[in-house]
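Visitor: Please read through the structure below; I'll follow up with questions.
No value in this document is a laboratory result; all are computed from the given coordinates. These numbers were taken from a predicted model, which means no experiment stands behind them. With ideal geometry, Cβ positions are generated from the backbone for all residues, glycine too; neighbour counts draw on all protein chains shown.
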């Protein structure tokens with residue numbers, strides 16, 4: 001009977017410090033392996049969303065051009081998709097509902113018309129995660 005009480009007492013004591021440390025070490029290794037992959041996927045997802053948003057806004061700019069004969073100037077900017085610019089009588093908007101969208105990093109999209117690049121009518125870009133031209137994503 002005494003042995004049964006001793007066994008029962010040991011079973012109720014819980015985990016040893018060594019067992020807890022082993023479990024914590026295993027969890028830390030798993031987090032160390034999984035976290036970089038998850039963060040990399042998150043970064044790729046933001047780039048993908050930025051490219052999709054730029055493509056969507058390109059089609060909206062094409063609608064603007066169909067109505068008005070040309071893309072908005074750099075001075076008019078993307079605001080011309082929401083508010084009629086001065087001197088444009090054929091504006092048939094708003095082309096976007098609500099406010100202008102920001103890129104996935106929370107920054108405004110960059111719009112230039114005419115484009116600085118040959119073969120493009122305009123530039124529509126996001127400065128990406130670094131918010132600089134080095135990380136720029138363009139149409």
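Visitor: Compute a Gaussian network model of the chain, connecting alpha carbons closer than 10 Å, and tell me which residue from 77, 32, 93 fluctuates the most.
Guide: Result: 32 has the largest fluctuation of those listed.
Visitor: Please give, to one decimal in nm, the separation of the simple spin-label points placed at residue 96 and residue 47, each 7 Å out from Cα toward the Cβ.
Guide: Computed distance between label sites residue 96 and residue 47 equals 2.4 nm.
Visitor: Using alpha carbons only, how many degrees (0 to 90, rounded to 10) separate the axis of helix 17-68 from the longest principal axis of the chain?
Guide: With rounding to tens, the tilt is 10 degrees.
Visitor: Treating the angle as unsigned and between 0 and 90°, give the value, to the nearest 10°, between the Cα long axis of helix 2-11 and the longest Cα principal axis of the chain.
Guide: 10
Visitor: So how do 54, 60 line up by other beta-carbon neighbours within 10 Å, fewest first?
Guide: Lowest count first: 60, 54.
Visitor: To continue, here is another question. Relative to 2.2 N^0.38 Å, what does the C-alpha radius of gyration of the chain come to as a ratio? Two decimals please.
Guide: Expressed relative to 2.2 N^0.38 Å, the Cα Rg reads 1.98.
Visitor: Using a simple spin-label model with points 7 Å from Cα along the Cα→Cβ vector, what separation in nm is obtained for residue 25 and residue 38?
Guide: Here the modelled spin labels are 2.3 nm apart.
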